[in-house]
Amino acid sequence: MDDMLRNPADGTRLRILAWLAEPDPAGRGLTADDIAARLGVPHPVALTHLRLLTALGLLHPAGQDDGLHYRRDEMRLAEVTQLFEKGW
C-alpha cells in the first residue's frame, strides 16, 4: 500500500489526502474537478488518483446534485497509519 500512496514520486495522493483534511473540504468533500484544478491536471488524471484512493478504502465518494464529493475515511486512515508505524 505504501507504494500505491507514494507513487508517483511527487506525492500527489498524499497531497489529495492532506487537502481533504482541511476544514472546509473535510466537511463537504472535494469533487474530481476540484482536485484537477488544484493539481493543474486534466479531470481524468485526478479521477484516476481518486479512484485508487477509494479502492484502498481511504476515501468515500458521496453523490450530490453537483457530482460526487470525496471525503476521507478517518478510521481507515488511522488503521493504515498504525500499520506503517508498526513497520508494515
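The values are calculated or read from the model by the stated rules, or taken from the named source; none is laboratory data. Just so it is clear, the structure is predicted and the values come from calculations on it, not from any experiment. Here Cβ is always computed from backbone atoms with ideal geometry, including for glycine, and neighbour counts include all displayed protein chains. The area values use the complete protein model at the heavy-atom level, side chains included, leaving out ligands, DNA and RNA. Shrake-Rupley method; radii C 1.70, N 1.55, O 1.52, S 1.80 Å.
What are the residues in region 37-88 that are of a type in the set (Gly, Ala, Ser) and in a helix (DSSP H, G or I), if any?
Matches in region 37-88: Ala37, Ala46, Ala55, Ala78.
Restricting to region 44-74, count the residues that are loosely packed, with under 11 Cβ neighbours inside 10 Å and aromatic (Phe, Trp, Tyr).
Total satisfying the criteria: 0.
Considering only residues that are more than 20 Å from Gly11 (Cβ to Cβ) and not acidic (Asp, Glu), which ones fall in region 45-70?
His60, Pro61, Ala62, Gly63, Gln64, Gly67, Leu68, His69
So, in region 29-43, of the ones that are closer than 16 Å to Gly67 by Cβ and of a type in the set (A, V, I, L, M, F, W, C), which residue ends up surrounded by the fewest Cβ atoms within 10 Å (Cβ to Cβ)?
Out of the qualifying residues, it is Ala37.
List the residue pairs whose Cβ atoms are under 8 Å apart, where the first residue sits in region 14-39 and is at pLDDT 90 or above, the second is open to solvent by 50 Å² or more (accessible area, probe 1.4 Å) and part of a loop (DSSP other than H, G, I, E, B), and the two are 6 or more positions apart or on different chains.
So the pair list comes out as Thr31/Asp66; Ala36/Pro42.
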